[in-house]
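Working notes, structure below.
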Amino acid sequence: MSFTRLLIANRGEIACRVARTARALGYETVAVYSDADADAPHVAACDVAARIGPAPVGESYLSIPAIIEAAKKTGVDAVHPGYGFLSENADFVAACAEAGLIFVGPPADAVRLMGNKRQAKLRMEAAGVPCVPGYSGEAQDDASLTKEAERIGFPLMIKAAAGGGGRGMRRVDGTGEVADALSSARSEAKNAFGSDELILERAVIAPRHVEVQVFADSRGNAVHLGERDCSIQRRHQKVVEEAPSPAVDADLRARMGEAAVTVAREIGYRGAGTVEFLLSAEGDFYFLEMNTRLQVEHPVTEAITGQDLVAWQLAVAAGEPLPLTQDEISFVGHAIEVRLYAEDAAGGFLPQTGRLALWRPAPDVRTDHGLADGFEVTPFYDPMLAKVIVHGATREEARRRLRRALRRTVALGVLTNRDFLVEVLDDPRFVAGQATTAFIDDFKLKDAAPDAATWALAAALSYGGGRSWGRDGDVVRLAVGEVEKRLSVLAHGGGRFTVDGTEVQLTGDGFEVDGVRRRCAHARVDGLLHLDVDGRSVVVEEKPLYESKASNREADGRLVAPMSGRIVAVRGTVGDAVDKGAIVVVLEAMKMEHEIRAGAAGRIAELVVAEGDQVTPRQLLAVVKADA
């Protein structure tokens with residue numbers, strides 16, 4: 001089962017991560033890329049690269065024939081799927097075997113079973129693994145599911161039987177919400193996973209999401225490498241992960257670990273896998289699902305165990321035994337990871353697209369990424385940009401180190417959740433280790449308005465940038481969100497300015513105001529000035545001093561696209577009456593569906609798009625004429 005050349009059937013940070021370990025172990029590496037990723041860093045990270053198709057995932061990274069053909073053309077003998085894309089696709093595992101390729105992962109039967117939450121839950125219940133009460137039956141019609149929902153009681157969760165990542169998942173708090181939730185969950189599940197099969201589960205209120213890393217080899221050995229706490233989530237997708245969990249003691253760790261290993265043994269597992277549990281406030285834990293792949297958050301387990309999990313994967317795939325027995329695995333210190341996303345945390349975590357003009361990862365900590373200056377964040381793929389991981393002797397040391405590392409991480413040109421992550425680390429609930437899955441629902445972002453020194457810096461950079469259309473004599477007009485200022489600027493040369501009477505001196509890596517020198521970075525993208533000042537991000541619009549009324553294109557009832565994407569549903573026709581909050585258009589982008597809703601009750605006056613249309617940011621989709 002030995003192999004020498006490895007194809008990595010993925011992109012971005014995970015492709016770079018797998019390539020790093022594979023190279024260190026002497027394997028030749030092959031990257032694959034879509035047209036959108038032709039110049040991406042993961043391509044350069046490998047020895048050879050093969051094009052697999054256009055940007056859409058269905059024609060490239062999700063195309064089994066394209067990946068197999070790339071493997072044949074490049075002469076590889078093994079395939080690592082990374083995570084996401086085809087990593088949990090049993091047909092892909094089978095296709096690799098048929099092509100004579102070693103798949104770095106579990107056998108197809110295990111992937112197929114655990115890839116269906118309904119079948120997996122039935123199997124685990126039979127094996128005595130504790131599961132959340134619910135419905136996992138074959139009847140999938142609305143009437144049957146509604147009846148089962150009423151039997152289970154509210155609140156409950158509707159979940160896609162296939163896939164993961166929070167897609168096809170809806171919380172329902174009453175019978176009146178069931179029909180719409182079933183419809184939207186089915187639609188999203190069908191688009192994401194090709195299956196609209198659903199399961200129902202009783203909602204466990206404010207639990208912790210705790211998962212256990214398991215490993216098994218082809219010789220009958222299986223171990224766990226401790227747990228990770230992944231409770232802080234938005235849209236059921238993880239944002240912050242840590243190991244060990246603050247809520248798990250040695251006894252609970254042993255019991256959860258034993259249950260996780262039971263899951264692996266029950267299905268004849270091989271390789272890296274993660275068994276996910278819900279942990280209630282009372283200390284009861286319930287099986288959720290098994291991810292039959294390496295997880296995004298695997299670095300925190302690597303940090304506390306001192307093991308390279310990709311190296312373990314490659315060893316097991318080559319037929320070798322697990323490197324350690326359960327008794328030989330130990331845990332040292334505490335590790336925390338955060339996911340840096342291209343998204344607007346203040347705007348409902350809406351994914352963002354654009355060009356990353358300036359990228360500077362923090363020094364002295366582990367940052368897994370596949371980024372470079374000029375990297376294009378497109379609507380075709382997941383908005384996660386990078387992961388920042390730290391390890392400390394204690395949880396508090398790790399928290400402090402991560403907080404500082406984030407403030408030293410510069411990502412300009414695309415709006416990110418970096419500042420939000422810093423605020424999460426500062427939240428008293430997180431500091432105390434008390435975060436549950438309800439954390440973000442109750443989280444309030446701080447006012448992001450810039451301070452006087454940042455306004456002065458922005459004015460100096462705007463004036464020095466020669467944006468004459470935004471100046472009148474020595475005045476510039478700037479806006480940050482809804483806040484707008486007119487500032488007088490006088491340039492003295494040598495990077496020195498006077499802004500509204502305040503002295504500003506630009507320096508090599510920052511600026512000085514009132515004798516205090518501060519770090520900063522800046523970049524201009526699409527007419528916007530992006531600033532990073534002392535680890536906080538600000539986007540400044542440099543505006544003309546005077547605007548005609550005709551320049552205001554916004555009108556009541558206009559529904560516009562929040563980002564680039566594809567229209568997957570149009571609800572209603574011209575003339576239909578709609579309630580405030582009614583869904584008019586559904587947009588699919590970055591692996592998620594975004595519901596565009598009426599801002600007021602009225603009638604649909606215009607429908608500009610149809611199902612299947614591709615749209616761009618701020619493109620008009622529909623007009624709802626409000627009732628008088």
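Overview of values
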item	result
Among the residues listed as Ala94, Ala70, the single one being modelled with pLDDT of 95 or more, among the hydrophobic types (A, V, I, L, M, F, W, C), over 25 Å from Ala386 (Cβ atoms) and surrounded by fewer than 22 Cβ atoms within 10 Å (Cβ to Cβ)	Ala94
Criterion (touching a strand residue (DSSP E or B) at 6+ places or on another chain (Cβ under 9 Å), under 25 Å from Gly271 (Cβ atoms), aromatic (Phe, Trp, Tyr) and at pLDDT below 95) met by exactly one of Phe193, Phe215	Phe193
In the range 1-32, the residues that are open to solvent by 20 Å² or more (accessible area, probe 1.4 Å) and either closer than 16 Å to Thr74 by Cβ or of a type in the set (Lys, Arg) (or both)	Thr4, Arg5, Arg11, Arg20, Arg23, Tyr27, Glu28
Helices (runs of 4 or more DSSP H) wholly inside the range 358-433 that include at least 2 residues being aliphatic (A, V, I, L, M)	395-407, 418-426
Failed criterion for Ala185 (all others in (1) outside any loop (DSSP other than H, G, I, E, B); (2) at pLDDT 90 or above; (3) surrounded by fewer than 21 Cβ atoms within 10 Å (Cβ to Cβ) hold)	(3)
Residue within the range 281-300 that is part of a helix (DSSP H, G or I) and among the hydrophobic types (A, V, I, L, M, F, W, C) present	yes
Selection from the range 309-333 of residues that are of a type in the set (A, V, I, L, M, F, W, C), part of a helix (DSSP H, G or I) and farther than 16 Å from Ala19 by Cα	Val316
Answer residue from the range 215-249, given it is open to solvent by 10 Å² or more (accessible area, probe 1.4 Å), in a strand (DSSP E or B) and touching a Gly at 6+ places or on another chain (Cβ under 7 Å) and is nearest to Lys387 (Cα to Cα) among those	Gln237
Odd one out for Ala435 among (1) of a type in the set (A, V, I, L, M, F, W, C); (2) open to solvent by 40 Å² or more (accessible area, probe 1.4 Å); (3) farther than 27 Å from Ala521 by Cα	(2)
Which listed residue, of Val204, Val178, is of a type outside the set (Lys, Arg) and assigned to a helix (DSSP H, G or I)	Val178
Among (1) open to solvent by less than 30 Å² (accessible area, probe 1.4 Å); (2) in a loop (DSSP other than H, G, I, E, B) - the single one Ala448 does not satisfy	(1)
Answer residue from the range 69-91, given it is free of Cβ contacts under 8 Å to residues at least 40 places away in the same chain and more than 27 Å from the chain's Cα centre (by Cα) and is farthest from Tyr269 (Cα to Cα) among those	Lys73
Conditions (1) buried (at least 19 other Cβ atoms within 10 Å of the Cβ); (2) closer than 30 Å to Leu6 by Cβ; number of the one not met by Ala149	(2)
Whichever residue in the range 40-59 is surrounded by fewer than 16 Cβ atoms within 10 Å (Cβ to Cβ) and of a type in the set (D, E, K, R) and, among such residues, is nearest to Ile8 (Cα to Cα)	Asp47
Pairs where the first residue, in the range 40-53, is closer than 12 Å to Ala70 by Cβ and without any contact (Cβ under 8 Å) to a residue 12 or more places away in the chain and the second is open to solvent by 40 Å² or more (accessible area, probe 1.4 Å) and part of a helix (DSSP H, G or I), C-beta under 9 Å, 6+ apart	none
Filtered residues of the range 330-343 (kept if open to solvent by less than 20 Å² (accessible area, probe 1.4 Å) and over 13 Å from Lys387 (Cα atoms))	His334, Glu343
Candidate set: the range 584-618, residues that are β-branched (Val, Ile, Thr) and open to solvent by 10 Å² or more (accessible area, probe 1.4 Å); chosen: the one nearest to Leu559 (Cα to Cα)	Ile596
Qualifying residues in the range 264-309 (those that are within 18 Å of Ala243 (Cα to Cα) and among the acidic types (Asp, Glu)) - the one surrounded by the fewest Cβ atoms within 10 Å (Cβ to Cβ)	Asp308
Within the range 275-289, considering residues that are at pLDDT 95 or above and closer than 17 Å to Gln119 by Cα, the one farthest from the chain's Cα centre (by Cα)	Tyr286
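Yes or no, residue by residue, for (1) of a type in the set (D, E, K, R); (2) in contact with a strand residue (DSSP E or B) (Cβ under 6 Å, 6 or more places away or on another chain); (3) at negative phi:
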| site | (1), (2), (3) |
| --- | --- |
| Asp427 | yes, no, yes |
| Ala448 | no, no, yes |
| Ala452 | no, no, yes |
| Asp474 | yes, yes, yes |
| Phe497 | no, yes, yes |
| Leu506 | no, no, yes |
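The values are calculated or read from the model by the stated rules, or taken from the named source; none is laboratory data. Keep in mind that what you see is a predicted model, and the values were worked out from it rather than measured. Positions of Cβ are generated from backbone atoms using ideal geometry, with glycine treated the same way; all protein chains shown enter the neighbour counts. Keep in mind that these areas ignore ligands, DNA and RNA; they rest on the heavy atoms of the full protein, side chains included. Shrake-Rupley method; radii C 1.70, N 1.55, O 1.52, S 1.80 Å.
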